[in-house]
1. Go through the residues of the stretch 46-65 one by one and say whether even a single one is closer than 22 Å to residue 306 by Cβ and surrounded by fewer than 16 Cβ atoms within 10 Å (Cβ to Cβ).
2. For the stretch 1-28, give me each residue that is in contact with a Ser or Thr (Cβ under 6 Å, 6 or more places away or on another chain), at pLDDT below 95 and among the hydroxyl-bearing types (Ser, Thr, Tyr).
3. Taking the stretch 151-164 only, how many residues are out of contact with any strand residue (DSSP E or B) (no Cβ under 6 Å at 6 or more places or on another chain), buried (at least 16 other Cβ atoms within 10 Å of the Cβ) and more than 15 Å from residue 214 (Cβ to Cβ)?
4. Any residue at all in the stretch 80-87 that's in contact with an Asp or Glu (Cβ under 7 Å, 6 or more places away or on another chain), at pLDDT below 95 and in a loop (DSSP other than H, G, I, E, B)?
5. Taking interchain pairs and intrachain pairs at least six residues apart, which have beta carbon atoms under 8 angstrom, with the first residue in the stretch 217-245 and farther than 23 Å from residue 141 by Cβ and the second assigned to a strand (DSSP E or B) and of a type in the set (Asp, Glu)?
6. Any idea which residue in the stretch 88-118 is surrounded by the fewest Cβ atoms within 10 Å (Cβ to Cβ), counting only those that are part of a strand (DSSP E or B) and at pLDDT 60 or above?
7. Could you please find all residues in the stretch 263-309 being of a type in the set (Lys, Arg) and assigned to a strand (DSSP E or B)?
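The values are calculated or read from the model by the stated rules, or taken from the named source; none is laboratory data. Computed from a predicted structure; not experimentally measured. Please note: Cβ atoms are built from the backbone with ideal geometry, for glycine as well, and neighbour counts cover all protein chains shown.
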Amino acid sequence: MTVTPEGTLLVVDKLANRIRELRFKNSSRCANVTTFAGDGTFGWTDGPLDFANFYQPSNIVAAPDGSVFVCDAGNHRIRRIKPNGNVYHYAGIIRCNEIVTNDPVKDILKDKRIRWEFFTEGVEDGQATDTAQFHNPEGIGLGPDGSVYVADSNNDRIRRISPDGFKVSTYVGKKGFGRGVEDGPLYKARFFNPYGLTVSPNGNVYISEWCTQRIRLITPNRVVTTIAGDGTEGYQDGTGTNSKFSYPLGLASDKEGNVYVADKHNNAIRMISPELQVTTIVGGNGWGQRDGLVEYAQLNAPRSITISPDGSIYISDLYNMLVRKVIYTNSPQLEESKEEDLPKAPKTSQILSMYSMLKQARNMSALIDPKEAEWSPDRGFYTSEQHVTGPLSKRGNEGLPGDTW
């Protein structure tokens, strides 16, 4: 997921082969949800937004000029959605090999039996649309100079696409070098199924590895360090490698230098401070859909995360099939709020689904109980700072129009 320069939220709907767009009426209310790109079928067709297709896209990032870069994982490609409303092939090719076999098809000119093998995945660097290949690209981030960084998961490498989009190179990790967990300089460091990726304003690249339960840092001079996680699965806050994660996936970073981790199996959002202090900011108290104060709120397998310019945190809550929102505020009333005090929709209200706005205070006060998954105009406000908002209707509903996917 990513926030565009216009303030809309783009969410990857992976199994639907679509990119969804959430527009907001105000800071606490979703006004409209539509399909931004993808016709719902799998493929690699470029073209207009509603004509192009994807194959299990995994992550996206928005650029300042309005372009959106997509990790099209199933197609082993990077796609670019330009501000003009068209989807383009940005990097990654299909390689075609001629194989001599016993197949009855005969090449008359060469007088031999052949067949063709097509490979969408690969390891090659080089010209982006002529030579380079990826293998299940999962994470993507944009550097301060316009470079696109990709967590090339099955190749155990971090790749870099030059700002002009012409060249793909291996940033860290070597072809044939093997997967591993070694830190160190470029020639020594290894990765093991890198997944999440975020780039800070100073050019640091952060990587999550769900296989090794670690968060790694690549400095601009390409030195790799494990900054959090001791390599064993668990749930423990602490400093640096004294902490534990369980299946860390999506990453995001803010302008203060904090890194946020979607800790899937711990059902938590963790934060790594610039001093490498790991803390839990949401969840971590079992799986569920409950909104509320930090000691009450629950997640269920958070997959991806992004930070908006105003500091709001958006979470893709995978198994709940919800989008959650965290907003910090200084409202003193919220510090005394209790989960049981939150307003509930009447049972006569229409059932809505797919979207939940979670608004939290300094101590993570929240709004909606998605277990009810209901909305009505009279839910109203429960403080002057927090607006109660309904989830998205799959059918579309007055005030919350949307498509049905």
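1. The first filter runs over the stretch 46-65 and keeps only residues closer than 22 Å to residue 306 by Cβ, leaving 49, 54, 56-65.
Filter once more, keeping what is surrounded by fewer than 16 Cβ atoms within 10 Å (Cβ to Cβ): 64-65.
Yes, there is a match, as at least one residue in the stretch 46-65 is closer than 22 Å to residue 306 by Cβ and surrounded by fewer than 16 Cβ atoms within 10 Å (Cβ to Cβ).
2. Within the stretch 1-28, 28 is the sole residue that qualifies.
3. Our first condition is that a residue be out of contact with any strand residue (DSSP E or B) (no Cβ under 6 Å at 6 or more places or on another chain); within the stretch 151-164, this holds for 154-156, 162-164.
Adding the requirement that they be buried (at least 16 other Cβ atoms within 10 Å of the Cβ) leaves 154-156.
Add one more test, that the residue is more than 15 Å from residue 214 (Cβ to Cβ), and what stays is 154-155.
Qualifying residue count for the region: 2.
4. yes
5. Taking only residues 6 or more apart or on different chains, the pairs are 235/263; 244/233.
6. Our first condition is that a residue be part of a strand (DSSP E or B); within the stretch 88-118, this holds for 88-91, 95-100, 106-107, 112-118.
In the following step, the residues that additionally are at pLDDT 60 or above were identified as 88-91, 95.
Values: 88: 15, 89: 17, 90: 22, 91: 26, 95: 13.
Among those residues, the one meeting the criterion is 95.
7. The first filter runs over the stretch 263-309 and keeps only residues of a type in the set (Lys, Arg), leaving 264, 270, 290, 303.
Scanning the stretch 263-309 gives 270, 303.
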